[in-house]
Structures are given as C-alpha cells and as structure tokens.
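Report on the following structure.
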Amino acid sequence: MGRKEKIYKKADILKAIKGSGGTVLTVAQALKCDWHTAKKNIEKYEETREALDGEQETGLDKVEGKAYELAENGDGAMIRFILATKG
C-alpha cells in the first residue's frame, strides 16, 4: 500500500511558485516535499498550473534578454546561437 501524499492549500502552492523560475523542483523545495508531490499539487488547480506556466515564461524571457545583451556586446558565439535558433 502506497504512502498518502500531502495535499497543500492553493495559496501555499502559489506562494511556492512565485519566484521559482517555473521549476517544479524549486516549488517542491519551498513546500518541503518531493518533486512528485509538488507536481501533483500544482496540477490540482488551474490557477497553480497557470502560475507555474507564467513563471516559466518569465524565466525564459529573462534568459533570452541576457542572450540578446551578450550578442549586442559582440559575443560571437551568442550571435551565432541566436541566428541558428531564432534566425
């Protein structure tokens, strides 16, 4: 018989998602549970799923901004990478 997983309140899940970069592991660490428990709790509510998606998009936007900054400063490898993936 399997162990019963902890159920978290939506507000607690949303708090853990904020600033997580959209990674389930970071959410799990904030909730002090394992990855699978965090994932199941996130999937339970539409609002928490959307919050995680939003955090992922924000994180990607930040990284993309840094990549463009490097390219603008003449980083040849980054220029080639952006052209290969976006161009």
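Listing for the model above:
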{"quantity": "Nearby lysines by direct alpha-carbon distance to K18 (threshold 18 angstrom, same-chain neighbours under 8 apart not counted)", "calculated": "K9, K10, K32, K39, K40, K44, K62"}
{"quantity": "Which labelled figure in [x] 0.97; [y] 1.18; [z] 1.00 is Rg/Rh (Cα atoms, Kirkwood Rh), once derived from the coordinates", "calculated": "[y]"}
{"quantity": "Gyration tensor verdict on the range 6-48 (Cα atoms; rounded if a/c is under 1.5, prolate if a/b is larger than b/c, oblate otherwise)", "calculated": "rounded"}
{"quantity": "Karplus-derived HN-Hα couplings along the range 69-84 (A = 6.51, B = -1.76, C = 1.60, θ = phi - 60°), whole Hz, x at Gly and Pro", "calculated": "4, 4, 4, 5, 8, x, 5, x, 4, 6, 4, 4, 4, 5, 4, 5"}
{"quantity": "Average accessible area per residue (Å²) across the chain - probe 1.4 Å, nucleic acids and ligands excluded", "calculated": "74 Å²"}
{"quantity": "Accessible area of E69 in the full protein assembly, 1.4 Å probe (Å², nearest 10)", "calculated": "90 Å²"}
{"quantity": "Estimated vicinal HN-Hα couplings, Hz - the range 27-43 in sequence order (Karplus 6.51, -1.76, 1.60; Gly, Pro = x)", "calculated": "5, 4, 5, 5, 7, 6, 9, 7, 4, 5, 5, 4, 4, 5, 5, 4, 5"}
{"quantity": "Accessible-area composition of the chain, carbon plus sulfur, in percent [1.4 Å probe]", "calculated": "55 percent"}
{"quantity": "Nearest-20 debye value, the chain charge dipole, Cβ charges on Lys, Arg, Asp, Glu", "calculated": "640 debye"}
{"quantity": "Largest-first ordering by accessible area, 1.4 Å probe, given options L25, L52", "calculated": "L25, L52"}
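The values are calculated or read from the model by the stated rules, or taken from the named source; none is laboratory data. It should be emphasised that the depicted structure is a prediction, and the values quoted were computed from it without experimental measurement. When we count neighbours, we look across all protein chains shown, and the Cβ atoms used for this are built from the backbone with ideal geometry, even at glycine. All accessible areas refer to the heavy atoms of the entire protein, side chains included, with ligands and DNA or RNA removed. Shrake-Rupley method; radii C 1.70, N 1.55, O 1.52, S 1.80 Å.
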